[in-house]
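S.K.: This structure is in structure tokens; I'll ask about it shortly.
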Amino acid sequence: MTGFQVDIGGIDGAGKVLQDVATSFGEALSRFQAELNGYNRPWGDNDDLGGLIGAAHDEVSEYAFECYQDALDEISSAGVDLSEMAEKYRIVEEAADGDFTRFHQKLGG
């Protein structure tokens with residue numbers, strides 16, 4: 001490999017997009033959960049079948065929402081990580097630029 005270019009703005013932009021996606025996903029998830037809860041257990045809990053359906057629904061939906069939340073957290077975390085990576089690249093690039101400028105000046109340039 002002879003060299004590479006890092007698109008700092010692109011990395012930072014991708015991080016911000018992922019954070020925005022996580023925010024939108026979280027809002028949609030909250031709306032969906034509220035809508036689901038708004039049905040007020042339409043199967044009823046007054047008989048054995050309704051009780052079984054309700055228990056299954058509760059377990060499955062709880063697990064699903066935990067999975068959705070984990071995915072949301074990972075997406076958000078990836079966005080933060082990308083933005084932090086971009087900032088670290090920016091710092092290194094600015095330091096290297098300063099070092100080369102000082103080196104050039106010492107050489108009489």
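Bear in mind that the values in this text are calculations on the coordinates, not laboratory data. Computed from a predicted structure; not experimentally measured. Neighbour counts are summed over all protein chains in view; Cβ atoms, including those assigned to glycine, are modelled from backbone coordinates with ideal geometry.
S.K.: Once the mean 1/r over all distinct Cα pairs of segment 43-84 is inverted, what Kirkwood radius in angstroms do you read off?
M.R.: Kirkwood radius, segment 43-84: 12.3 Å.
S.K.: Filter the chymotrypsin sites (Phe, Trp or Tyr not before Pro) in segment 23-85 to those in DSSP coil with at most 16 other Cβ atoms within 10 Å of their Cβ, and list the result.
M.R.: Tyr39, Trp43
S.K.: How much length is gained if the chain between Ser61 and Ser30 is pulled fully straight, taking 0.36 nm per residue apart and subtracting their Cα-Cα distance, in nm to one decimal?
M.R.: Full-extension gain reported as 9.9 nm.
S.K.: Would you report the distance distribution of C-alpha pairs in the chain as whole percents per 10 angstrom bin, up to the bin with the largest distance?
M.R.: Per 10 Å bin, starting at zero, the Cα-Cα P(r) for the chain comes out as 13, 24, 19, 15, 12, 8, 5, 3, 1, 0 percent.
S.K.: Under the √(5λ) rule applied to the eigenvalues of the Cα gyration tensor, what semi-axes describe the equivalent ellipsoid of segment 13-60? Give them in Å, descending.
M.R.: So the three semi-axes of segment 13-60 are 36, 10, 4 Å.
S.K.: Taking 7 Å along the Cα-to-C-beta vector as the label spot, tell me the Thr2-Leu52 distance in nanometres, rounded to one decimal.
M.R.: Inter-label distance under the simple model: 7.1 nm.
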